[in-house]
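Working notes for the structure below.
The values are calculated or read from the model by the stated rules, or taken from the named source; none is laboratory data. Computed from a prediction, not measured in an experiment: that's the story for all the values here. Ideal geometry is used to build each Cβ from the backbone, glycine not excepted, and the neighbour counts take in all protein chains shown.
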Amino acid sequence: MTVALLGTGLLGRAIAERLRATHHSVIVYNRTAARALSLQTHGVTVVTLPDQAVAQADVVLLVLADAAAIRAVLLTPAVAKVLGGKTVVQMGTIAPDESKAIQREIERFGGTYCEAPVLGSLAEARAGTLQIMVGGTDEQFSEWSPLFRSLSRDPRLIGSVGAAAALKLALNQLIAAEISAFALSLSLCQRAGVPVDTFMTILRESALFAPSFEKKLPRLLKRDYHNPNFTTRHLLKDVELFLAEAIKQHLTVSSLEGIVPILRNTIDHGLGEVDYSAIYDIIHPL
């Protein structure tokens, strides 16, 4: 099938490469066109206007930073003219109410909409092992399962539009909670003279261990946050979306509220576009 992919950031680029490797025709648009041009070496078509991509596609995938970016790229008069009869699949991380509002606008233009946020990063996208969480109808899930299975071994239908968006926020909240807790515990051990190997050996043998700890440890020890899979800036955006949704649902959020200033401080130190594990520099300053 012909897929229009709007947004070729870190994840969008990897998804485009995977779709092309699994024999889909892929047309991409990125607001900064130069950042998409290297995809041409993978056989991907790069266009300069979003309506050019949408008009030629069987399905439109959104891998944009936030709801504001979706509105700026997709919900324009030029794109509205070619949205009729198209299915739009929103794959980024946005709030449930934002997803429902975008659905209403796309349907007003004659298109259909579902959400399919993903868990996983660049390696999983390129290997086709992302976890895809679909919010939509049974019919949409069935129709687009071949596409989802190009990117995931086991895509799951979560519920109607909004349900998958909420689940994705819940999972990304854990990313922030885990890295901040791990960085803090590691830092105390280092300051107390406990060997890192001793700390990690005991941690691995306990129920407290999470694989992300092992994955992020080399970055923390080297304080090397380049070549990110997920940036500090995007994690802060997702944490703030989760907080707003959780407060709306009358949940107690004080544990997460303490992480927000750490993330903001990390960004203020020029570490917004590197891997989110850079919060270690704030938790454990040199």
Take I247 and tell me if it is closer than 30 Å to Q103 by Cβ and either loosely packed, with under 13 Cβ neighbours inside 10 Å or without any contact (Cβ under 8 Å) to a residue 12 or more places away in the chain (or both). yes
Can we say H23 is in the same structural domain as M91 (by TED's automatic domain parsing), surrounded by fewer than 18 Cβ atoms within 10 Å (Cβ to Cβ) and more than 26 Å from V274 (Cα to Cα)? yes
Candidates L49, L6, L10, filtered to the one that is surrounded by 23 or more Cβ atoms within 10 Å (Cβ to Cβ) and either within 22 Å of the chain's Cα centre (by Cα) or not assigned by TED's automatic domain parsing to the domain that holds A244 (or both): L6
As an exercise: evaluate S150 against (1) farther than 20 Å from K100 by Cβ; (2) in contact (Cβ under 8 Å) with a residue 60 or more places away in the chain; (3) in the same structural domain as I279 (by TED's automatic domain parsing) and give the number of the one condition it does not meet. (3)
Within segment 180-224, how many residues are touching a helix residue (DSSP H, G or I) at 6+ places or on another chain (Cβ under 6 Å) and part of a helix (DSSP H, G or I)? 12
For segment 92-110, indicate whether the set of residues that are in contact (Cβ under 8 Å) with a residue 12 or more places away in the chain and under 21 Å from E17 (Cα atoms) is non-empty. yes
R108 vs (1) over 12 Å from the mean Cα position of the chain (by Cα); (2) crowded, with 21+ Cβ neighbours inside 10 Å: all pass except (2)
